[in-house]
Amino acid sequence: MPPPFRFKLEKVLEYRRSLEEQAKLALAQAQQAHDRQQEVVEGLRASLEEHRNALSSRQDVTIQDLWLHEQYERRLQQDIIEADATLQELALNLQMRRRDALSRSTDRKLLEKLKTRQAEKHHAEEQQKEQKEFDETAAVRYEPPDI
């Protein structure tokens, strides 16, 4: 019975799988943070649009109302600018996480491909050894016909 194939770098492969899983988790978290921030930005823009429409629908507008409206609109615009900046940072982080996950996946796939090749080579060598043993056994047992 031939010995089973044993990949010498199995621990390294397991470690790379672990790194890939961590990278996928970080990517998922970065994607969630980006999506949440995108919703915040869209909500702020919707609030600004609502606020602009609300003043135009009112008929009895005082100077104080206009001043409050203007201050609130400025603050909303400032919040949108800050939220956009945060969104850009999260987009960069998301892009880095994607590259990292892709890199880790490539590293793991390379090791798995090496493992597959070594397993195939081991199997072929074992088959060759077994065939050689069968040939030797057949040659020893062969009796030439008497002449």
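No lab work stands behind these numbers, since they all come straight from the coordinates. Because the structure is predicted, anything quoted here is derived from the model rather than measured. Cβ sites come from the backbone with ideal geometry, for glycine too, and all protein chains shown count toward neighbours.
Quick rundown of the values:
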item	result
Sorted by Cβ neighbour density within 10 Å, fewest at the top, the residues D35, D100, D84	D35, D84, D100
Reference-scaled alpha-carbon Rg (2.2 N^0.38 Å with N residues) for segment 11-108	1.73
Cβ-based charge dipole, segment 11-108, positive-most Cα from L19, M96, H34	L19
Spatially proximal lysines relative to K109 (Cα-Cα < 27 Å; intrachain offsets below 8 disregarded)	K8, K11, K24, K121
Under 13 Å from the Cα of K115 - aspartates and glutamates, other chains or at least 8 residues apart	E10, E14, D107
Packing-based exposure ordering (other Cβ within 10 Å, fewest first) of R6, R99	R6, R99
FRET E, pair A119, R36, Förster distance 41 Å, beta-carbon r, rounded to 0.05	0.40
GNM result for the chain, Cα springs below 10 Å: residue of R97, R108, R52 fluctuating most strongly	R52
In degrees, nearest ten, helix 63-141 long axis to first principal axis of the chain (Cα)	0
